Amino acid sequence: MEYNNETTLEFKSLSENESLARACVASFCAILNPTIEQLADIKTAVSEAVTNCVVHAYPNNVGNVLINVKIVDREIFITITDFGIGISDIDKAREPFFTSKPSIERSGMGFTVMESFMDGVVVHSKPNFGTEVKLIKKLEAIRCVVGG
């Protein structure tokens, strides 16, 4: 059975909205009946991406964060977009332990965590125009076992 659906959520880049983002994305993806582990992976990756928006995108103010979730068959595409300062060196930002905010004890593992929990992570950014992070999760087809 082919299944397609899509939703969009927009909220302010406030740390308390990170849990809203996790819950909304997880609820939307629940229709695919993912395992608890798959759902935890999705929630963790979304949490990391949203936290990056809150901490890095708008250093001196609050801005908007946009999340689009698209389901195509058993594949989930989650795009988290901010309209903040952008990332000048994406390759450097994706290196484990790299942080642009060492003074506030950031671990620099956000992109590494996203990559470890998702099947794909694509990052586009333009300084002074914002950043888009696309998370991709492929769920295996549901297998029915009949008999015993």
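General remarks:
- Top-ranked residue of the range 1-38 - restricted to ones that are of a type in the set (Gly, Ala, Ser) and assigned to a helix (DSSP H, G or I), ranked as farthest from ASN61 (Cα to Cα): ALA30
- Residue in the range 55-72 that is modelled with pLDDT of 95 or more, part of a helix (DSSP H, G or I) and over 22 Å from ASN4 (Cβ atoms) present: no
- The number of residues in the range 23-37 being buried (at least 19 other Cβ atoms within 10 Å of the Cβ) and either polar (S, T, N, Q) or under 16 Å from the mean Cα position of the chain (by Cα) (or both) comes to 3.
- Selection count, the range 33-81, where residues are at positive phi and not acidic (Asp, Glu): 1
- Unique match (being over 15 Å from LYS138 (Cα atoms) and modelled with pLDDT of 95 or more) among GLU48, GLU105, GLU18: GLU18
- PHE97 meets each of the listed conditions (1) at pLDDT below 95; (2) under 15 Å from LEU135 (Cβ atoms); (3) surrounded by fewer than 16 Cβ atoms within 10 Å (Cβ to Cβ); (4) of a type in the set (A, V, I, L, M, F, W, C) apart from (2).
The values are calculated or read from the model by the stated rules, or taken from the named source; none is laboratory data. Fair warning: this is a prediction, and the values are worked out from it, not measured in the lab. In this analysis, Cβ positions are derived from the backbone assuming ideal geometry, glycine residues included, and neighbour counts consider all displayed protein chains.
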